[in-house]
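Just so it is clear, none of the values below were taken in a lab; they were calculated from the coordinates. On a predicted model such as this, the values are computed, not experimentally measured, just so you know. Note that each Cβ is placed from the backbone with ideal geometry, even for glycine, and that neighbours are counted across all protein chains shown.
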Amino acid sequence: MTEHSNRNKSRPSRAKLLKGFIAVTLSIVLLLGVGYANRSAIRSVLDQFSGQEFSGEGAGSTTFTIARGDSGSTVAKHLAEQGITKDYTSTLRHIVANDPTFFPGAYTLPLGISSDKAIALLTDPTNQLTNKVAIPEGYRLVDIYKRLSASTGISVKQFETAAKDLTQFHLPKSAPSLEGYLFPATYSFDPALNATEILTVMANRMKEELKSFGIAKKDWQKTLTLASIIQREARLHEDFYKVSRVFKNRLAINMALQSCATASYGVGSFSIFVTNKSLNDDNPYNTYKYTGLPLGPISAPGSLAIDAVLHPADGSWLYFVTWNLTSGETIFSDTFAQHQAGITKWDNWMAENPAWDE
């Protein structure tokens with residue numbers, strides 16, 4: 001009995017164990033704070049309190065999210081809570097020892113894996129979950145919203161609602177909407193982003209493009225408006241610069257642009273053919289009825305169209321007609337008589353290709 005009693009007396013109490021743990025934890029904090037500890041020393045200290053690690057490849061999978069501002073401790077805590085790693089302290093030990101860089105986002109991780117494997121998966125950019133979506137040049141807002149919705153699961157209505165408050169996107173005051181201000185490209189969106197954040201990313205990308213061309217903010221609106229028309233009217237690479245010259249020549253003499261693309265846009269259509277309704281409708285996008293540029297952009301222009309606005313081809317053309325809608329071949333003319341000959345060639349092609357007469 002006496003021997004057993006002595007062993008009990010020599011055993012440290014829970015209070016002393018807790019104090020010891022706190023002391024070691026404080027030591028680690030101090031070491032990290034002053035920067036004198038190396039990783040092996042930290043690993044050695046934390047080894048005293050590390051839990052068991054899962055082994056193997058794990059089973060099943062779950063989505064793990066790292067939020068902006070999450071610390072290594074927060075990541076370790078959530079990994080253990082979700083059953084991805086076995087023990088918070090052990091996972092934290094590995095994070096401290098390896099000093100990884102975590103990026104916000106969603107990741108697919110197996111359940112029941114080692115801390116090192118979890119860290120490797122969280123620092124592998126190819127393992128990050130994204131909503132990938134490609135926005136082609138020349139798309140309108142209505143089409144962009146549909147494609148974004150299909151990729152992200154966010155409704156078209158949510159995108160439309162988010163786009164109403166233009167002040168949050170810091171556009172020129174003359175911009176009537178986001179039309180033309182969302183850069184067409186392939187995006188990989190974090191699933192955590194909402195409609196406003198996604199539109200902001202795209203609008204900021206367009207601003208970056210405009211700034212890369214050296215275009216001042218006061219000129220964004222007119223540049224994107226003309227670029228959006230060129231984007232819809234031109235077919236072949238070199239013709240972008242010729243179409244730009246035609247429109248600039250017309251603007252210079254106050255001649256109506258007479259763009260089928262703008263007239264169709266004004267009545268909510270996106271056809272390459274104009275109707276009597278679109279030609280006669282009284283709206284600020286009807287460039288058959290009004291001279292100068294329309295109210296705003298009619299589509300999302302890409303880099304080529306923007307460059308064409310800034311660097312139009314040399315020429316005195318005032319007219320153009322794409323006579324072959326399959327190849328995109330276009331005739332550029334100085335006079336209306338020449339243009340009429342081009343239209344006749346287009347009429348003949350259409351007669352031979354009735355499927356295009358929509």
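Compute the helix-to-body angle for 195-212: its Cα long axis versus the longest principal axis of the chain, expressed 0 to 90° and rounded to tens. Around 60 degrees separate the two axes.
Comparing SER327, SER115, SER188 in a Gaussian network model of the chain, where Cα atoms under 10 Å apart are tied by springs, the biggest mean-square fluctuation is seen for SER327.
What is the fewest-to-most order of HIS311, HIS339 by other Cβ atoms lying within 10 Å of their Cβ? With the sparsest Cβ surroundings first, the list reads HIS311, HIS339.
Among the listed pairs LYS77/LYS146; LYS146/LYS207; LYS132/LYS242, a Cα-Cα separation exceeding 31 Å is found for LYS77/LYS146; LYS132/LYS242.
In order along the stretch 323-328, phi translates into HN-Hα couplings of 7, 10, 6, 7, 8, x Hz, rounded to whole numbers, per the Karplus curve 6.51 cos²θ - 1.76 cosθ + 1.60 with θ = phi - 60° and x for Gly and Pro. Calculated [222 nm] ellipticity per residue, helices only, for the chain: -15000 deg cm²/dmol; basis is -39500 (n - 2.57) per DSSP H run with n ≥ 4, divided by all residues, nearest 500. Computed from the alpha carbon positions, the gyration tensor of the stretch 146-274 leads to an equivalent ellipsoid with semi-axes of 28, 17, 15 Å, biggest first. Computed packing ranks the peptides 245-256, 55-66 as 245-256, 55-66, most packed first, by mean other Cβ atoms within 10 Å.
In what sequence do LEU226, LEU199 fall when counting other Cβ within 10 Å, fewest first?
LEU199, LEU226
For the chain, the calculated P(r) over all alpha carbon pairs, in 10 Å bins from 0 to the bin holding the longest distance, is 5, 18, 21, 15, 12, 11, 8, 6, 3, 1, 1, 0, 0 percent.
Could you estimate the translational diffusion coefficient of the stretch 60-126 from the Stokes-Einstein equation, with Rh from the Kirkwood formula over C-alpha pairs, at 10 °C and 1.306 mPa s, in whole µm²/s?
It diffuses with D of about 138 µm²/s by this estimate.
Straight-line cross-link reach from LYS217 at under 14 Å between alpha-carbon atoms covers these aspartates and glutamates, not counting any fewer than eight positions away in the same chain: GLU208, GLU209.
Across the options GLY302, THR330, TYR265, the greatest Cα extent toward the positive end of the charge dipole of the stretch 233-356 (unit charges at beta carbon of Lys, Arg, Asp, Glu) belongs to TYR265. With the convex hull of the Cα atoms taken as the outline of the stretch 233-356, the averaged projected area works out to 7.7 nm². In summary, the aspartates and glutamates within cross-link reach of LYS289, defined as a Cα separation below 12 angstrom excluding same-chain residues under 8 places away, comprise ASP281.
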